[in-house]
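Visitor: Input: one structure, supplied below.
The values are calculated or read from the model by the stated rules, or taken from the named source; none is laboratory data. This structure is a prediction, so every number in the text was calculated from the model and none was measured. Cβ placement follows ideal geometry from the backbone for every residue including glycine, while neighbour counts extend to all protein chains displayed. We work out accessible area using only protein heavy atoms, side chains counted, and drop any ligands, DNA or RNA first. Shrake-Rupley method; radii C 1.70, N 1.55, O 1.52, S 1.80 Å.
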Amino acid sequence: MLIALADRKAKAVALHEGLRTVPHRALVLGPVLAQVWRPEPPLVHALSGVLKDCTVPQVRTSEPPMRETRAGRPECLACTTGPDLADWRRIGTALGGAAAKKRPDAVDAWVALAAARHGSAVIFTTDPGDIHAYLAVLAPADVHVVAV
(Lines give C-alpha, C1' and ligand atoms only; values in the text may rest on other atoms or scores of the structure.)
Protein backbone atom coordinates (compact mmCIF):
# COMPACT_ATOMS: atom_id res chain seq x y z
CA MET A 1 0.00 0.00 0.00
CA LEU A 2 2.81 2.44 0.81
CA ILE A 3 4.41 1.84 -2.57
CA ALA A 4 1.07 2.32 -4.30
CA LEU A 5 0.56 5.58 -2.38
CA ALA A 6 4.06 6.78 -3.22
CA ASP A 7 3.31 6.02 -6.89
CA ARG A 8 0.01 7.94 -6.54
CA LYS A 9 -2.06 4.96 -7.71
CA ALA A 10 -5.67 6.13 -7.89
CA LYS A 11 -7.18 3.24 -5.89
CA ALA A 12 -4.62 3.54 -3.10
CA VAL A 13 -5.03 7.32 -2.89
CA ALA A 14 -8.84 7.02 -2.76
CA LEU A 15 -8.67 4.37 -0.03
CA HIS A 16 -6.20 6.43 1.98
CA GLU A 17 -8.38 9.53 1.68
CA GLY A 18 -11.33 7.54 3.00
CA LEU A 19 -9.32 6.41 6.01
CA ARG A 20 -8.88 10.01 7.12
CA THR A 21 -12.46 10.00 8.42
CA VAL A 22 -12.24 6.97 10.72
CA PRO A 23 -11.30 7.23 14.42
CA HIS A 24 -8.29 4.89 14.20
CA ARG A 25 -5.49 6.08 11.96
CA ALA A 26 -4.15 3.72 9.33
CA LEU A 27 -1.53 1.45 10.84
CA VAL A 28 1.95 1.16 9.35
CA LEU A 29 4.21 -1.26 11.16
CA GLY A 30 7.82 -0.17 11.58
CA PRO A 31 9.22 -3.13 9.61
CA VAL A 32 6.84 -2.35 6.73
CA LEU A 33 8.06 1.23 6.63
CA ALA A 34 11.66 0.04 6.72
CA GLN A 35 11.04 -2.26 3.75
CA VAL A 36 9.87 0.57 1.49
CA TRP A 37 11.81 3.61 2.78
CA ARG A 38 14.74 4.59 0.60
CA PRO A 39 16.78 7.82 0.65
CA GLU A 40 15.29 9.04 -2.64
CA PRO A 41 13.80 12.56 -2.39
CA PRO A 42 10.56 11.86 -4.32
CA LEU A 43 9.88 8.72 -2.25
CA VAL A 44 10.76 10.43 1.03
CA HIS A 45 8.46 13.34 0.17
CA ALA A 46 5.56 11.06 -0.80
CA LEU A 47 5.87 8.75 2.20
CA SER A 48 6.36 11.61 4.67
CA GLY A 49 3.04 13.07 3.52
CA VAL A 50 1.27 9.74 3.84
CA LEU A 51 2.66 9.05 7.31
CA LYS A 52 1.04 12.22 8.67
CA ASP A 53 -2.29 10.37 8.40
CA CYS A 54 -0.97 7.08 9.80
CA THR A 55 0.37 5.70 13.03
CA VAL A 56 3.47 3.60 13.52
CA PRO A 57 2.71 1.84 16.81
CA GLN A 58 4.99 2.51 19.75
CA VAL A 59 7.13 5.02 17.88
CA ARG A 60 7.72 8.23 19.84
CA THR A 61 7.52 10.58 16.88
CA SER A 62 4.53 8.95 15.19
CA GLU A 63 1.00 10.28 15.17
CA PRO A 64 -1.16 8.72 17.92
CA PRO A 65 -3.26 5.71 16.84
CA MET A 66 -6.59 7.35 17.65
CA ARG A 67 -7.77 10.73 16.44
CA GLU A 68 -9.03 13.34 18.88
CA THR A 69 -12.78 13.26 19.61
CA ARG A 70 -15.05 15.67 21.44
CA ALA A 71 -14.63 13.50 24.52
CA GLY A 72 -10.85 13.41 24.27
CA ARG A 73 -8.61 10.84 22.65
CA PRO A 74 -9.37 7.17 23.25
CA GLU A 75 -6.54 4.64 23.38
CA CYS A 76 -5.99 1.59 21.19
CA LEU A 77 -4.77 -1.28 23.35
CA ALA A 78 -3.44 -3.20 20.35
CA CYS A 79 -1.26 -0.22 19.38
CA THR A 80 -0.11 0.72 22.87
CA THR A 81 0.93 -2.79 23.91
CA GLY A 82 3.82 -4.35 22.09
CA PRO A 83 3.97 -7.91 20.93
CA ASP A 84 4.68 -10.47 23.61
CA LEU A 85 6.47 -13.80 23.36
CA ALA A 86 3.22 -15.57 22.44
CA ASP A 87 2.74 -13.15 19.50
CA TRP A 88 6.21 -13.88 18.12
CA ARG A 89 5.48 -17.59 18.47
CA ARG A 90 2.22 -17.14 16.56
CA ILE A 91 4.17 -15.38 13.80
CA GLY A 92 6.60 -18.29 13.67
CA THR A 93 3.71 -20.73 13.53
CA ALA A 94 2.16 -18.74 10.69
CA LEU A 95 5.47 -18.76 8.82
CA GLY A 96 5.75 -22.52 9.22
CA GLY A 97 2.14 -23.34 8.40
CA ALA A 98 1.20 -20.89 5.66
CA ALA A 99 1.01 -21.90 2.04
CA ALA A 100 2.56 -18.63 0.91
CA LYS A 101 3.72 -18.35 -2.71
CA LYS A 102 6.94 -16.57 -1.85
CA ARG A 103 9.50 -17.46 0.77
CA PRO A 104 8.29 -17.00 4.34
CA ASP A 105 8.06 -13.30 5.17
CA ALA A 106 8.01 -12.36 8.85
CA VAL A 107 6.87 -8.82 8.02
CA ASP A 108 3.78 -10.07 6.15
CA ALA A 109 3.01 -12.47 9.00
CA TRP A 110 3.37 -9.62 11.53
CA VAL A 111 1.00 -7.49 9.44
CA ALA A 112 -1.55 -10.33 9.53
CA LEU A 113 -1.17 -10.73 13.29
CA ALA A 114 -1.40 -6.97 13.91
CA ALA A 115 -4.68 -6.94 11.99
CA ALA A 116 -5.91 -9.95 13.97
CA ARG A 117 -5.02 -8.18 17.23
CA HIS A 118 -7.08 -5.15 16.16
CA GLY A 119 -10.16 -7.10 15.06
CA SER A 120 -12.45 -5.96 12.27
CA ALA A 121 -9.34 -4.79 10.47
CA VAL A 122 -8.69 -4.30 6.78
CA ILE A 123 -5.28 -4.95 5.24
CA PHE A 124 -4.55 -3.01 2.06
CA THR A 125 -1.81 -4.82 0.13
CA THR A 126 -0.31 -5.51 -3.26
CA ASP A 127 0.29 -9.10 -2.10
CA PRO A 128 -3.12 -10.44 -1.01
CA GLY A 129 -2.25 -14.10 -1.64
CA ASP A 130 0.49 -14.31 0.96
CA ILE A 131 -1.47 -12.22 3.48
CA HIS A 132 -4.43 -14.60 3.07
CA ALA A 133 -2.07 -17.55 3.61
CA TYR A 134 -0.89 -16.14 6.96
CA LEU A 135 -4.43 -15.24 7.99
CA ALA A 136 -5.55 -18.80 7.21
CA VAL A 137 -3.10 -20.07 9.84
CA LEU A 138 -3.83 -17.32 12.39
CA ALA A 139 -7.62 -17.71 11.87
CA PRO A 140 -8.79 -14.29 13.08
CA ALA A 141 -12.52 -13.76 13.35
CA ASP A 142 -12.85 -10.63 11.25
CA VAL A 143 -9.93 -9.44 9.11
CA HIS A 144 -10.40 -8.41 5.50
CA VAL A 145 -7.84 -8.07 2.72
CA VAL A 146 -8.13 -5.53 -0.09
CA ALA A 147 -5.78 -5.68 -3.07
CA VAL A 148 -4.39 -2.36 -4.26
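Visitor: Using heavy-atom solvent-accessible surface (probe 1.4 Å) with all chains present, what is the largest-first order of ARG20, ARG67? Don't skip to the answer; put the middle values down first.
Guide: On the way: ARG20 105, ARG67 40 Å².
Ranked from most to least accessible, the order is ARG20, ARG67.
Visitor: Hey, another quick one. Counting heavy atoms of the protein chains only and a 1.4 Å probe, report the per residue accessible area for the chain as a whole number of Å². Don't jump to the answer; show the numbers that get you there.
Guide: On the way: 8570 Å² over 148 residues.
With all protein chains present, the chain gives 58 Å² per residue.
Visitor: Label point 7 Å out from ASP84 along Cα-to-Cβ: which residues of the stretch 103-147 have amide N under 18 Å?
Guide: Backbone N within reach: 113-119.
Visitor: Going by accessible area, probe 1.4 Å, with all protein chains left in place, what is the ranking of ARG70, ARG103, largest first?
Guide: Numbers: ARG70 250, ARG103 185 Å².
Sorted by accessible area, descending: ARG70, ARG103.
Visitor: Let me ask something else. Cα extents of the stretch 1-84 along the three principal axes, largest first, in whole Å?
Guide: For the stretch 1-84, the Cα extents along the three principal axes come out at 38, 29, 19 Å.
Visitor: So how strong a dipole does the stretch 1-136 carry about its Cα centre when Lys and Arg Cβ are +1 and Asp and Glu Cβ are -1, to the nearest 20 debye? Walk me through the numbers on the way to the answer.
Guide: On the way: 17 positive and 13 negative charges, 27 e Å.
Dipole of the stretch 1-136, to the nearest 20 debye: 120 debye.
Visitor: Moving to a separate point now. What percent of all Cα-Cα pairs in the chain falls into each 5 Å bin, going from 0 up to the bin containing the maximum distance?
Guide: 2, 9, 18, 22, 22, 16, 9, 3, 0, 0
Visitor: Could you check how much of the accessible area of the stretch 21-148 is carbon and sulfur, as a whole percent, using a 1.4 Å probe?
Guide: Numbers: 4290 of 7380 Å².
Answer for the stretch 21-148: carbon and sulfur cover 58 percent of the accessible area.
Visitor: Rounded to the nearest 5, what % of DSSP beta bridges with both residues in the chain are antiparallel? Don't skip to the answer; put the middle values down first.
Guide: On the way: 2 of 9 bridges.
Expressed as a percentage, antiparallel bridges in the chain total about 20.
Visitor: Sorted by mean Cβ packing within 10 Å, highest first, what order do the peptides 76-88, 108-120, 25-37, 48-60 take? Walk me through the numbers before you get to the answer.
Guide: Details: 76-88: 13.0, 108-120: 21.3, 25-37: 16.8, 48-60: 15.1.
Averaged packing, sorted descending, gives the order 108-120, 25-37, 48-60, 76-88.
Visitor: Continuing with this model, one more query. With the cut-off at 1.5 for a/c, could you classify the stretch 79-148 from its C-alpha gyration tensor as rounded, prolate or oblate? Write out the running numbers ahead of the final one.
Guide: Details: a/c = 1.72, a/b = 1.11, b/c = 1.55.
Oblate is the answer for the stretch 79-148, as a/c is 1.5 or above yet b/c matches or exceeds a/b.
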